[in-house]
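The structure under discussion appears below in the form of structure tokens.
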Amino acid sequence: MIDRGELPALQSIIEGGVSGNLGTLEPQLSPMLWTSIATGKMAYHHGVAGFTEVDPHSGRVVPVSAATRKCRTIWEMLGERGLKSHVVGWFATQGEQDLNGCMVSNLHAHLKDIAQDQDPADWPAPPPGTYWPPELAAELDELRVSPYEIDPDEILRLFVPRAGEVDQSTDQRLALLVERLAEAYSVQAAATWLMEHRPDWDFMAVYFRAIDEISHIFMPYHPPRMAEVPERDFEIYKGVVEMAYRAHDLMLQRLLGLAGEDAAVMLVSDHGFHSDHLRPRYTPNVPAGITVWHRNQGVIAAKGQGIHSDVLIHGARLLDITPTILHWFGLPVGEDMEGRVLGEAFSSAAAVAGIPTWESTLQEGRSRSAMSEDESKALLDQFVKLGYIDEIPADADLAAIETARENAWNMARACLYGARYEEALPLLEDCVFAFPERSDYAQLLARCQLALGLLDEADDSAALALATGGYIGGARLIQAYVALEKQ
């Protein structure tokens with residue numbers, strides 16, 4: 001698309017700065033990854049283990065919030081040094097307080113259960129904790145975009161020219177598309193309002209998740225046609241993903257214009273997306289099974305004062321983003337951060353300053369989101385619909401148990417990625433004990449046991465994975481390793 005001149009804003013960053021692949025982390029769940037981007041640390045440090053958690057006060061399953069985080073974010077670090085930040089749409093920011101700047105949480109754009117003819121003045125307000133300072137609600141509530149405001153002739157037909165042929169009583173894909181677009185435009189509205197009316201910022205972070213969500217719905221219809229996709233569906237929906245990129249490039253162009261020529265800009269994605277022959281033919285029927293569609297490399301592109309022009313960089317990871325931003329601001333990097341400064345991105349070498357940690361002044365008792373039970377359920381239902389989490393059981397106790405177990409599973413995978421096998425082992429053992437029929441649990445436990453030299457235990461866990469219908473090749477490979485080690 002860049003070669004065809006269809007993404008001029010992204011092209012201007014790439015040609016005017018540095019760009020390259022950006023390695024993701026495991027597991028590839030957005031709240032975990034975007035918190036790692038913002039902290040320079042893995043999930044076993046920052047504490048965000050998924051989309052949801054169990055509220056320790058109510059026992060309810062709730063979306064993650066600012067109170068979940070155990071590490072300081074880049075905007076908190078900058079604020080300590082007197083720099084003002086505006087943050088829009090970021091995961092795990094609901095309930096953020098005392099920010100030196102403005103915060104619009106990821107719940108701002110979740111506008112649900114709106115009637116088609118309902119006056120915007122009567123739309124339900126976002127839950128408390130969506131904005132900091134709270135008085136932003138007076139301006140930003142009314143800037144939210146309803147799905148009904150996505151004009152079917154002027155906007156929707158750009159994405160689906162044959163939308164008129166879709167029977168929307170049986171095909172919900174158009175409804176899902178307009179929901180995603182409404183969220184993206186709500187984020188854009190909040191970000192541009194802040195840039196126009198609160199222009200005294202030093203750092204601004206805006207997160208759009210629509211491309212990921214639209215790709216999960218419509219990438220199967222992207223050319224060339226996959227064998228499993230009906231010809232008619234392909235013809236109707238084949239242009240949606242590319243149009244989503246064009247729409248986001250237009251929004252990026254506006255953000256760049258408001259930021260001004262003297263602003264440095266960095267564009268990152270937490271992972272990529274398979275769009276070619278690597279698109280999976282099968283999506284595992286487990287929580288977050290849709291991540292098989294993710295490419296292990298996202299993208300990074302950055303330009304601005306002190307940054308190279310038209311240069312490729314290599315080996316960048318999500319954990320490198322916060323250290324690199326700190327270095328650009330002339331601030332020290334925490335020695336307990338797990339990333340590095342992308343020194344190759346800078347046109348002139350400068351020594352990287354360090355401090356032991358940024359956590360020493362971390363304030364305890366963060367404010368937790370005051371979402372109502374109905375508001376939490378609406379957001380959780382959306383995560384279920386997208387395939388990131390299983391349906392939440394009606395039994396509150398069972399829901400809490402299952403959420404805690406799934407978060408333990410997510411954290412165990414993060415520990416394995418970070419070679420923290422001793423920490424992963426008890427988490428995986430608990431998962432397998434509670435749910436022995438999950439072959440993915442047993443197989444990962446076998447890998448962990450093998451890494452720790454627990455050969456007999458690894459052999460037993462691999463056998464359990466095989467017995468429960470797991471991936472035969474992986475389990476048998478573990479058994480082969482065990483046999484070789486015993487020889």
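When only the Cβ of Lys, Arg, Asp and Glu is charged (+1, +1, -1, -1), the dipole of the chain relative to its Cα centre reaches about 1200 debye. For the chain, the fraction of 1.4 Å probe accessible surface lying on carbon and sulfur atoms is 52 percent.
A cut-off under 13 angstrom between Cβ atoms defines the neighbours of Pro436, and their net charge, with Lys, Arg +1 and Asp, Glu -1, is -3. Short-range pairs are left out: with C-alpha atoms under 8 Å and at least six residues apart, the relative contact order of the chain is 22 percent. Label region 399-487 by shape, choosing from rounded, prolate and oblate, from the square roots a ≥ b ≥ c of the eigenvalues of the Cα gyration tensor; if a/c is under 1.5 it is rounded, and otherwise prolate applies when a/b is larger than b/c, oblate when it is not. Oblate is the answer for region 399-487, as a/c is 1.5 or above yet b/c matches or exceeds a/b. Its relative contact order, with pairs defined as Cα atoms under 8 Å and 6+ residues apart, puts region 263-337 at 33 percent. A 1.4 Å probe run over the protein chains yields, for the chain, 45 Å² of accessible area per residue, whole-number rounding. For the chain, the membrane-span-like helix rule (DSSP H, alpha carbon extent of at least 15 Å along the helix axis, mean Kyte-Doolittle at least 0.5) picks out 240-259, 421-434, 472-486; this says nothing about an actual membrane. By the helix-only formula, in which each DSSP H run with n ≥ 4 contributes -39500 (n - 2.57) and the sum is divided by residues, the chain has a 222 nm mean residue ellipticity of -12500 deg cm²/dmol. Packing order of peptides 225-233, 73-81, highest average first: 73-81, 225-233 (average count of other Cβ atoms within 10 Å over each peptide's residues). Ordering of 46-59, 27-40, 256-269 by packing is 27-40, 46-59, 256-269, highest average first (other Cβ atoms within 10 Å, averaged per residue). Farthest toward the positive end of the dipole of the chain, out of Ala190, Gly164, Thr324, is the Cα of Thr324, where the dipole comes from beta carbon charges about the Cα centre.
With the cut-off at 1.5 for a/c, could you classify the chain from its C-alpha gyration tensor as rounded, prolate or oblate? Rounded is the answer for the chain, as its axis ratio a/c remains below 1.5.
The values are calculated or read from the model by the stated rules, or taken from the named source; none is laboratory data. These numbers were taken from a predicted model, which means no experiment stands behind them. So basically every Cβ, Gly included, is an ideal-geometry build from the backbone, and we count neighbours across all protein chains shown. The accessibility values were calculated without ligands, DNA or RNA, using every heavy atom of the protein model including side chains. Shrake-Rupley method; radii C 1.70, N 1.55, O 1.52, S 1.80 Å.
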